[in-house]
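A short write-up of the structure that comes next.
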Amino acid sequence: MVKPVVVRNLHGQVVQELGRLIVGGEIAPGQNLPREELLAERMKVSRTALREAMKVLSAKGLIESRQKTGTRVRDTLHWNQLDADVLAWRCASMPTDDFVDKLVEMREIIEPAAAAAAARRRNPDQLDRIEAAYEAMAASNDREEWSVADLAFHEAVLHATHNELMISLFAVIETALGSYLALSALKASDFKYSLPHHKKVLDAVRRRQPEVAREAMQKMVADSRSNIRRHAKKA
């Protein structure tokens with residue numbers, strides 16, 4: 001169940017190893033972890049390092065410890081789903097239809113509003129960042145270059161909102177969004193298929209047309225969802 005860990009930061013690596021196993025479903029909610037001494041032996045770490053890791057996983061809502069029953073995995077309802085590590089572990093086990101649908105729903109709520117706000121509030125430097133990201137997307141030669149530029153485009157739009165809460169939220173969901181955008185490009189026969197949608201968002205932000213920007217972003221997200229679902233049915 002657990003692979004040995006050989007690293008410099010032992011408790012951090014234990015967190016990563018156990019976190020991936022829990023979020024990936026290999027250790028299911030309600031399942032007890034092995035006793036401390038046995039788990040430490042299996043992972044080739046000290047009990048001190050293991051205890052530190054358990055504190056971190058507990059703070060993320062993944063596990064809970066009780067005196068008589070030991071340490072068990074908590075139900076997913078209690079997980080800190082917006083924790084950067086938890087999101088990364090979820091993404092590592094992607095794609096799952098359920099997780100992709102939830103990411104799309106988050107995008108549908110946040111990104112059209114962000115595009116509208118960016119069209120109202122962007123300054124020249126922020127517009128330059130959006131344009132630069134768009135040009136990088138247009139010039140990309142492979143899916144990896146495209147995905148990096150695509151993420152930069154959405155980040156630049158969010159920064160142009162001048163809303164620090166939106167910007168902070170992007171920092172939290174960046175891993176998940178990056179994985180989603182890469183997945184969308186991977187599923188497409190032409191990974192640049194969404195470039196016209198991005199151009200419409202860029203143009204609306206440049207012209208300070210909030211509702212046009214909102215609608216263009218909504219269509220982009222909807223098209224991305226349809227692309228992933230269409231290819232999932234073919235698989």
(message) Suppose only helical runs count, i.e. DSSP H with n ≥ 4. What mean residue ellipticity at 222 nm does that imply for the chain under -39500 (n - 2.57) per run, divided by all residues and rounded to the nearest 500 deg cm²/dmol?
(response) -23000 deg cm²/dmol
(request) Could you go through segment 52-65 in sequence order and give the Karplus-derived ³J(HN,Hα) for each residue, using 6.51 cos²θ - 1.76 cosθ + 1.60 with θ = phi - 60°, rounded to whole Hz, and x for Gly and Pro? (result) 4, 5, 5, 4, 5, 5, 5, 5, 7, x, 7, 9, 9, 10
(request) Mind counting lysine pairs for me in the chain? Cα separation below 23 Å, and the two need to be 8 or more apart along the chain or on different chains. (result) 24
(request) At 37 °C and 0.692 mPa s, grab the translational diffusion coefficient of segment 127-172 from Stokes-Einstein with a Kirkwood Rh over Cα pairs, rounded to a whole number in µm² per second. (result) 304 µm²/s
(request) Treating only the Cβ atoms of Lys and Arg (+1) and Asp and Glu (-1) as charged, compute the dipole magnitude of segment 10-78 about its Cα centre; round to the nearest 20 debye. (result) 140 debye
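Stretch R66-R143 to full length: gain in nm at 0.36 nm per residue minus the Cα-Cα span? Numbers along the way, then the final one.
On the way: separation 77, 0.36 × 77 = 27.72 nm, distance 4.72 nm.
Gain on stretching R66 to R143: 23.0 nm.
Ratio of Rg to Rh for segment 10-78, alpha carbon only, Kirkwood? The partial results should precede the final answer.
Working: Rg = 10.9 Å, Rh = 11.8 Å.
Using Cα coordinates only, the ratio equals 0.92.
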(request) Give the angle, between 0 and 90 degrees and rounded to the nearest 10, that separates the Cα long axis of helix 164-187 from the longest principal axis of the Cα atoms of the chain. (result) 90 degrees
(request) Measure nothing fancy, just the Cα-based angle from helix 210-234's long axis to the longest principal axis of the chain, in degrees from 0 to 90, nearest 10. (result) 50 degrees
(message) Of the candidates E108, E211, E26, which one comes out as most mobile in a Gaussian network treatment of the chain with C-alpha springs shorter than 10 Å?
(response) E26
(request) Pop out the ³J(HN,Hα) list for segment 119-128 in order, Karplus 6.51 cos²θ - 1.76 cosθ + 1.60 with θ = phi - 60°, rounded to Hz; leave Gly and Pro as x. (result) 5, 7, 10, 4, 9, x, 5, 5, 4, 4
(request) On the protein heavy atoms, probe 1.4 angstrom, tell me the percent of accessible surface of segment 31-182 carried by carbon and sulfur. (result) 51 percent
(request) Could you please tell me the mean projected area of the C-alpha convex hull for segment 96-234, averaged over all directions and given in square nanometres to one decimal? (result) 7.3 nm²
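The values are calculated or read from the model by the stated rules, or taken from the named source; none is laboratory data. As the structure is a prediction and not an experimental result, all values here were calculated from the model. A quick note on method: Cβ atoms are made from the backbone with ideal geometry, for glycine too, and the neighbour counts reach across all protein chains shown. Side chains included, ligands, DNA and RNA excluded: accessible areas come from the protein's heavy atoms. Shrake-Rupley method; radii C 1.70, N 1.55, O 1.52, S 1.80 Å.
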